[in-house]
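> Right, I'll just put the structure down here and ask away after.
Every number here is computed from the coordinates shown, using simple stated rules; none is lab data. Please read these numbers as outputs of a predicted model, since none were measured by experiment. Positions of Cβ are generated from backbone atoms using ideal geometry, with glycine treated the same way; all protein chains shown enter the neighbour counts.
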Amino acid sequence: MFYKNSNTLQAKTMQTKKKKIRIKTKIFIPSVFILAVLFITYFFPRQGSFKYNFNEGRPWQYGLLTAPFDFPIYKPVAQLKAEQDSILDFYEPYFVVDEEISKSALAEFDADANLNARLSELAPEYKLYVREKLNEVYDNGIMRSDDYDRIYKSHTQALRIKSGNMAESRKVESFFTIRSAYEKVLNDVPPGIDDNILKVANINEYIQENVLYDAVTSEKAKNEFIQQVDISHGMVQRGQRIIDQGEIVGPQTYNILSSLKRVTEEQSGGTTRNNWMLLGQFMLILFMLGSFYTFLLYFRPIEYRNRKHVVFMVLLISSFVLLTAITVRFELFNIYIIPYAIVTILIRTFIDSRTALFSSLTTIIISALMVPFPFEFIVIQIAVSMVSIFILKELTERSQLIKSSFFILVTYILVYIGLELYQEGNIKEIDWVMLVFFLINFIFIMFSYTLVYMVEKSFGFISGVSLVELSNINKPLLKELSEKAPGTFQHSLQVSNLAMAAAAKLGANASLIRTGALYHDIGKMVNPPFFTENQMAGMNPHAGLPFEESARIIINHVKDGQKIAQKYNVPQQIIDFIMTHHGTSMPKYFYISWKNANPGKEANEADFRYPGPNPFSKETAIMMMADAVEASSRSLSEYSEESLRNLVNKIIDSQVAEGYFKLAPITFKDIQTVKDVFVEKLATMYHSRIVYPELKQP
């Protein structure tokens, strides 16, 4: 009665919890997609789209092009810069004379000449000479040595001294630096004055720069100088023929097309046009991400309800689209350096292939709206995405990622060459520099293994590589289990074999269930002798213990296992197997023994029930069945197919009747398949061996 009430209460609690989760999911998941749409739209390039793509020396792929309006022919960047550099040879920077500096320096000298012992002891003629020379060098002007050297090396060797609204051009040789001014004072001494005495007087303390660089005026004058160079040469009239299909884009035509593109993009900067452009970008991005949202909603409902998975996928798509937008806007590097295949690899590794392909298509199509030559971009990237999915079926070794990287590189090269031959019909038109970009892309993909590790730690995922590493029986935790509880270790190995075979039949994650099986009983290391598989003949530590205490020790191996796993940083996906492999079942041996010893009394079932939860995935459900069947199979007196099938049916049917698999996505057909696999595997494990004849002695 208590168990039924407990089940009813648990069911109601689960229903309430599920309802809350559904409500939160209905709000959270759409919000993530809406934020992604707004984020991508915000960073999308705003310049007007020139609908033609062209390269110098390549044929024009479109029809006849005539000028849609009058526009200037802008000079090429290299030519314009050369002309600007040429005119800047005659540019003279602006300086100002700070009179306060000279007044302050001379006043300080006069004060020290009367009060400072070092100067006051000098003869009057020395003081008079120094003061006259200080006036002279300050009148000529003292400037920083860096400014002096820079102007001296210029074409004009001159600068302009600004005074009010006027500016006077002067040669740089007419100015002093601090060093040359000091040398001037010492070198011009008249007869009767000892320069050694002047050196001791530290005259350099009163020599400071009073000719200072005027950055604002200089920059303004420099810009005015540059503006004297005309940025264009000639005009193209509206309706004038520019180029026709099949014609080669020569240097002059390329310059005209570049000028038309520049003017088109500049004219698109108006507020009204920009708003319409922004709306169009928003609609396209909304449609693409909305399609991905719909795919998850109807075809991947489990992934749709998994918030971590949704955030991971949307964040990955947004990151690569943002990287594309920044690259295109600032022209950082060639777009084919960006390793878009990483989107496919990561989602294929942690989720599934169809979701990986759909997310890659979403990323590629949104990015294609920004890149030059979008048709070629889409063809190449889709081909690479498909190859990534075919090659990387499951990431269980680092070498698989390197192998996939090589196949991706070959795909890039072959598809690119095929496109060029198809479009140009001439192998000489292939741009071999593109192979360098593909090679850089290949290097980035090879090092994406680091990303796999980072994603695992950030989102709590677990990859095939991590599962292989965890299932290594030389891992410290498994090694400790084999030493402290060898019987339990052997039981775990047998359970993993059973569960893996069933998982392979049902299309479940065999690597995950194998690793979970190896760790599911690590809690038994705390009290190994209390479990039958670790007991020696004639040894039973339960003898003399109350049945409740024995049950508590047995039940606690689940909680102990959880604590040990957390201490060793075992992933949560493996801890789930530890918590669910008994569900909310009972150690019936001690429960029934208590009932038999206490007839007419009601047992407190909480003392005889595992904490759970019950299995909630196909893998944990298979694990629960495999654990119970393997443990019970050891008690059989004979191992015929009939006895094994009866045992398997009895145990699993009992678990189904108790409702332990209600939360797991497993069908009756799946359960029957599991039964058949278990019978087949157990029959193989316990098959009888031939008796070898003994050698008879003559």
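> Exactly which trypsin sites (Lys or Arg not before Pro) in segment 354-425 are in a DSSP loop and have at most 13 other Cβ atoms within 10 Å?
Working: sites: Arg354, Lys393, Arg398, Lys403; in loops: Lys393.
The qualifying sites are Lys393.
> Using the Cα centre of segment 86-226 as the reference point, and only Cβ charges (+1 on K/R, -1 on D/E), how large is the resulting charge dipole? Debye, rounded to the nearest 20. Working shown, then result.
Details: 17 positive and 27 negative charges, 62 e Å.
With Lys and Arg at +1 and Asp and Glu at -1, about 300 debye.
> Within straight cross-link reach of Lys595, meaning Cα distance under 23 Å, which lysines are found once same-chain residues fewer than 8 apart are removed?
Lys4, Lys650
> Cα convex hull of segment 70-119: mean projected area in nm², to one decimal?
Numbers: hull surface 30.2 nm².
The number I arrive at for segment 70-119 is 7.5 nm².
> Among DSSP beta bridges lying fully in segment 86-226, give the percent that are antiparallel, nearest 5. Write down the numbers at each step before the final one.
Numbers: 9 of 14 bridges.
Counting only bridges with both partners in segment 86-226, antiparallel ones make up about 65 percent.
> To continue, here is another question. Compute the normalised compactness of segment 86-226: alpha-carbon radius of gyration over 2.2 N^0.38 Å, N being the residue count. If you can, show how the numbers build up before the last one.
Numbers: Rg = 17.7 Å, N = 141, 2.2 N^0.38 = 14.4 Å.
After normalising by residue count via 2.2 N^0.38 Å, the value is 1.22.
> Considering amide H positions built from the backbone, and no H for Pro or chain starts, which residues 5 or more places from Ile243, or on another chain, come under 5 Å of its amide H?
Leu65
> Right, here's the next one. Taking the Cα centre of each part, how many Å lie between segment 574-646 and segment 56-91?
One Cα centre to the other: 82 Å.
> Among the listed pairs Lys588/Lys681; Lys103/Lys199; Lys308/Lys475; Lys153/Lys261, which have their C-alpha atoms separated by more than 32 angstrom in this model? Present the calculation step by step, with values, prior to reporting the outcome.
On the way: Lys588/Lys681 26 Å; Lys103/Lys199 22 Å; Lys308/Lys475 29 Å; Lys153/Lys261 40 Å.
Long pairs (Cα-Cα over 32 Å): Lys153/Lys261.
> Please sort 225-232, 602-609, 674-681 by packing, taking for each peptide the average over its residues of neighbouring beta carbons within 10 angstrom, highest first.
Highest mean packing first, the order is 674-681, 602-609, 225-232.
> Cα atoms only: what Rg and Dmax, in Å, come out for segment 464-685?
For segment 464-685, the Cα-based Rg and Dmax read 16.9, 55 Å.
> Work out, step by step, the length gained on full extension between Ala111 and Phe28: first 0.36 nm times the residue separation, then minus their alpha carbon distance; give nm to one decimal. Don't skip to the end; give the middle numbers.
Numbers: separation 83, 0.36 × 83 = 29.88 nm, distance 7.82 nm.
Gain on extension, Ala111 to Phe28, equals 22.1 nm.
> Peptides 550-557, 200-207, 419-426: what's the order by average Cβ count within 10 Å, highest mean first? Can you show the working numbers first?
On the way: 550-557: 20.1, 200-207: 16.6, 419-426: 13.1.
My ranking of the peptides, most packed first, is 550-557, 200-207, 419-426.
> Over its Cα atoms, what ratio of radius of gyration to 2.2 N^0.38 Å does the chain give?
Numbers: Rg = 42.1 Å, N = 698, 2.2 N^0.38 = 26.5 Å.
Taking N as the residue count of the chain, the ratio is 1.59.
> Could you check the simple spin-label distance between Gln572 and Glu680, using points 7 Å along Cα→Cβ, in nm with one decimal?
3.6 nm
> To the nearest 10 degrees, how steep is helix 618-633 against the longest Cα principal axis of the chain, on a 0 to 90 scale?
Tilt of helix 618-633: around 40 degrees.
> Continuing with this model, one more query. Highest mean first, how do 329-336, 462-469 rank when packing is the count of other Cβ atoms within 10 Å averaged over residues?
On the way: 329-336: 13.6, 462-469: 19.0.
Going from most to least packed, we get 462-469, 329-336.
> Let me ask another. Which distance in Å, rounded to a whole number, links the C-alpha centroids of segment 475-511 and segment 317-348?
Segment 475-511 and segment 317-348 have Cα centres spaced 41 Å from each other.
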